[in-house]
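S.K.: Just dropping this structure here.
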Amino acid sequence: MARIATRQRVVISTIGAWLFGFLIFFPILWMVLASFKTELEAFAIPPSFLFFHWTTENYATVQERSDYFHHAMNSVIIAGGSTLIALLIAIPAAWSMAFSPTKRTKDILLWMLSTKMMPPVGVLVPIYLIYKTVGLLDSRIGLVFILCLGNLPIVIWMLFTYFKEIPRDILEAARMDGATIGRELVYVLTPMAIPGLASTLLLNLILAWNEAFWTLNLSTSNAAPLTTFIASYSSPEGLFWAKLSAASTLAIAPILVLGWFSQKQLVRGLTFGAVK
Amino acid sequence: MGQITLQDVQKSFGPVHIIKGADLDIADGSFVVFVGPSGCGKTTLLRLIAGLEDVSGGKILIDGKNVVDTPPAKRGLSMVFQSYALYPHMSVRGNIGFGLKMAGLPKDEINRKVEAAAATLNLSPYLDRKPRELSGGQRQRVAIGRAIVREPKAFLFDEPLSNLDAALRVQMRIEVTRLQKQLGTTAIYVTHDQVEAMTMADKIVVLNGGKIEQYGSPLELYERPANLFVAGFIGSPKMNFVTGESALQRGAATIGVRPEHLKIEREGAGGWQGTISVAEHLGSDTFLYVDAGPLGMLTARYIGELSLHAGDRVSLVPDPARIHRFDDGGNALRG
C-alpha cells in the first residue's frame, strides 16, 4: 500500500515538474514559433500554436536589414573579452582572499558586493559624460571595460566561495612536497579549481551576453552587440512581432547552445558548497 | 641524519601566545610523540618545525643548521596530515611521486621509487586508482607512502590515525611503528591519545598550555611524572589525587596513586574506606569507582575478575612504594 502511494506521488511530482519546466520554457518556445510565422499570424487572436504557414522569411529580412553577424561578433568580443579580463583580475583577488585572509577580507567582499546594489541608471549620466570625453562611446573597448567592472564583484564572490572549499591541507602538502607557488598553481590548485573556474566563466559569459542597460545606452552601431540588434526591432516602425522574434531567437541561439552543453557545470557551480 | 633541536621556540598569533618557549632535543632516528589536550599547541609546534608557520622567536636546528628562514620544502622533512591531504585529481602513483617530480627526478627513477614504496605499504594493486576509490586505511597508506618516498630527514605526523575506526587504528599504529624502526628515520608524531603516545614513542613530550611539561620515555613519565598535570594525563584510568590529612602525613600538599596501585580489601582493613558507586567488569580487569566520602571519588583497578558490586563497602590500600607526592605548586617531590 505504502509502495503504491509512493509511486503515485512520484508520478504526480514528475508530471508537476515537467509542467513547471514547460511553463518556464514556454516564452522561449513561443518566441521561436513566432519567428516562423508571418507578421499577420504572429498577431492573430486566437493564436495558432503549430498549424500556421511556416516561413523563414523573417530570418532573411532580419539579416538583410541589419547585419546579424556584425552584431553577433560584437557580442562575442564584448562578452568574451569582459569575461576573460574579469577572470584575470578576479582569480588572484579571490586566491589571496581565500588563502591568506585578513581581518578586513569579509568587509572588502561585502563592499564589492554593495556596488551591485546600486542601480546602474544612477551612474549613467556621469559614465556617459566620461565616455564621451575620452571617446569610448560606441566602442567595443568601452563596453568590455564597463561590463567587466559590472560583473567583477560577482565573479570574485563565486571564485572566492569556490576556492574556500579547497582544503588548505592539500596546498600545504604540496608545499611540503617541494612545489613552488607557480607549480602549486599549475599542478594542484588549477586542476582542483577547474569546475569552479568553468562555471564562473560560463555564468559571467551569459550575464555579459544578455546585458542590455549599458550596451543599449553606450553603443549605437559600430560596437552594438545583439541586445541593440534586438532593440532595433521594437520601436521605429511600430512593433513587428515576427521579426522581433526572429532577431531574438538569433540573439539567444549561441548562448542557449552553450548553456545546453554546459548545464552540468553550471548547476554544479551554482550549487557548489550548498550541500555537504 | 635527522637530529632536530628546538631552542626557546615561541609562537604568538597577535596577543595570544601559543608556544611559550620550547626547548627540545630530538635524537636522530628516534620516535618522539607530542601529546596533550586539545589547544595545548602540539600541532602548532609541529607546523613550526615543518615550516608551515613562522616562529615568533627562537631557533629550530635540523642537523645543526638553523632553518627558521628556510621554506618547508627545503627543510628535508615530510608530513602526514590528519585529513591525509591527498591530491584528489591524481592517481595513487601521482600522489606518491609528486614530491619526486617536483624535485626533478627522471621519470623511470620516480616510477621505481614509487613502486618500491607502494610495495612496502601493500599499495601495489591500487597505483592507478584515484584517492576517492580507496578506503580510509588505504588513503592513510598513500599519505604515508608520499612521506617515505622522499627519504626525508624526519617524518612529521599530525594526528594521522584519528579518522580511522578503532580496530584499524590499532593496526596502523603497529604498522607505523614498525615502518619507522625499519627505515630508522626520525619521526615526530602528534596525538591527543595517550595510549598511542605510550605505545609508539621512544620519547614523549607532554604539552599543556603552550609549555612543555615533561620530556622523557613513556615509562619515565608513568613512573616519575614531573607534576600533577603529567601525572593526571599519562595513565588510564587517571591517577587518583588525594589532599588533606593523608597527604600532609606524607609531607605533601597532594598525593597521587594510580588505580592499579590501590589494593582492594574488605572494609576495615586500613587505608581509605568507601562505597562502590560503579563497578565495571571487563573480564580481564575490574574497575571500581569508589565514593570515599571527604576524599572524593577514587578509581581502583583489579587485574582479573572481582565479584564486587555497586553498594559494597571496601577499603583501598595504596602501595606505599607507588605513592607520588606533589608540593603546593603541583610539582613532584622526590625522595
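The values are calculated or read from the model by the stated rules, or taken from the named source; none is laboratory data. Since the structure is predicted, the reported quantities are computational estimates derived from the model, not experimental observations. Note that each Cβ is placed from the backbone with ideal geometry, even for glycine, and that neighbours are counted across all protein chains shown.
S.K.: With the structure loaded, tell me whether residue A:156 is modelled with pLDDT of 90 or more and either part of a helix (DSSP H, G or I) or more than 14 Å from chain B (Cβ to nearest Cβ) (or both) or whether it fails that test.
M.R.: Yes: the conditions hold for residue A:156.
S.K.: Additional query: Counting only residues that are without any contact (Cβ under 8 Å) to a residue 60 or more places away in the chain and either among the small types (Gly, Ala, Ser) or not in a helix (DSSP H, G or I) (or both), how many does region A:12-35 have?
M.R.: 4
S.K.: Would you confirm, using the coordinates I've provided, whether residue B:104 is farther than 23 Å from residue A:185 by Cβ and either within 11 Å of chain A (Cβ to nearest Cβ) or in contact (Cβ under 8 Å) with a residue 12 or more places away in the chain (or both)?
M.R.: No, not satisfied.
S.K.: Of the residues B:313, B:322, B:301, only one is within 14 Å of residue B:259 (Cα to Cα) and loosely packed, with under 15 Cβ neighbours inside 10 Å; which?
M.R.: B:322
S.K.: Restricting to region B:134-153, name every residue that is in contact (Cβ under 8 Å) with a residue 40 or more places away in the chain and either part of a helix (DSSP H, G or I) or within 12 Å of chain A (Cβ to nearest Cβ) (or both).
M.R.: B:139, B:140, B:142, B:143, B:144, B:145, B:146, B:147, B:148, B:149, B:150, B:152
S.K.: When you scan region B:273-287, do you find a residue that is touching a residue at least 12 places away in the same chain (Cβ under 8 Å), farther than 17 Å from residue B:323 by Cβ and part of a helix (DSSP H, G or I), even just one?
M.R.: No, that holds for no residue.
S.K.: Please determine, by comparing only the residues of region B:32-57 that are of a type in the set (D, E, K, R) and within 12 Å of chain A (Cβ to nearest Cβ), which one is farthest from residue B:15 (Cα to Cα).
M.R.: Per the stated criteria, the residue is B:47.
S.K.: Yes or no: residue B:88 touching a Pro at 6+ places or on another chain (Cβ under 9 Å) and surrounded by fewer than 17 Cβ atoms within 10 Å (Cβ to Cβ)?
M.R.: In short, yes.
S.K.: Does residue B:110 satisfy the criteria of being without any contact (Cβ under 8 Å) to a residue 40 or more places away in the chain and surrounded by 14 or more Cβ atoms within 10 Å (Cβ to Cβ)?
M.R.: Answer is yes for this residue.
S.K.: Let me ask you something else. I'd like the full set of residues that are under 19 Å from the mean Cα position of the chain (by Cα) and buried (at least 22 other Cβ atoms within 10 Å of the Cβ), limited to region A:231-247.
M.R.: A:247
S.K.: crowded, with 23+ Cβ neighbours inside 10 Å, aliphatic (A, V, I, L, M) and within 13 Å of chain B (Cβ to nearest Cβ) - does that describe any residue in region A:219-229?
M.R.: Within region A:219-229, none of the residues are crowded, with 23+ Cβ neighbours inside 10 Å, aliphatic (A, V, I, L, M) and within 13 Å of chain B (Cβ to nearest Cβ).
S.K.: Can you pull out every residue in region A:75-92 that is modelled with pLDDT under 90 and surrounded by 15 or more Cβ atoms within 10 Å (Cβ to Cβ)?
M.R.: Answer for region A:75-92, where residues must be modelled with pLDDT under 90 and surrounded by 15 or more Cβ atoms within 10 Å (Cβ to Cβ): just A:91.
S.K.: Report, ordered by the first and then the second residue, all pairs with beta carbons closer than 8 Å, sequence separation of six or more or different chains, a first member in region A:169-188 that is more than 7 Å from chain B (Cβ to nearest Cβ) and on the phi > 0 side of the Ramachandran plot, and a second member that is assigned to a loop (DSSP other than H, G, I, E, B) and crowded, with 17+ Cβ neighbours inside 10 Å.
M.R.: Close Cβ pairs (under 8 Å, with a partner that is assigned to a loop (DSSP other than H, G, I, E, B) and crowded, with 17+ Cβ neighbours inside 10 Å) do not exist here.
S.K.: Against the condition more than 9 Å from every other protein chain (Cβ to nearest Cβ), more than 18 Å from the chain's Cα centre (by Cα) and either buried (at least 17 other Cβ atoms within 10 Å of the Cβ) or of a type in the set (Phe, Trp, Tyr) (or both), how does residue B:60 come out, does it pass?
M.R.: So residue B:60 fits the description; yes.
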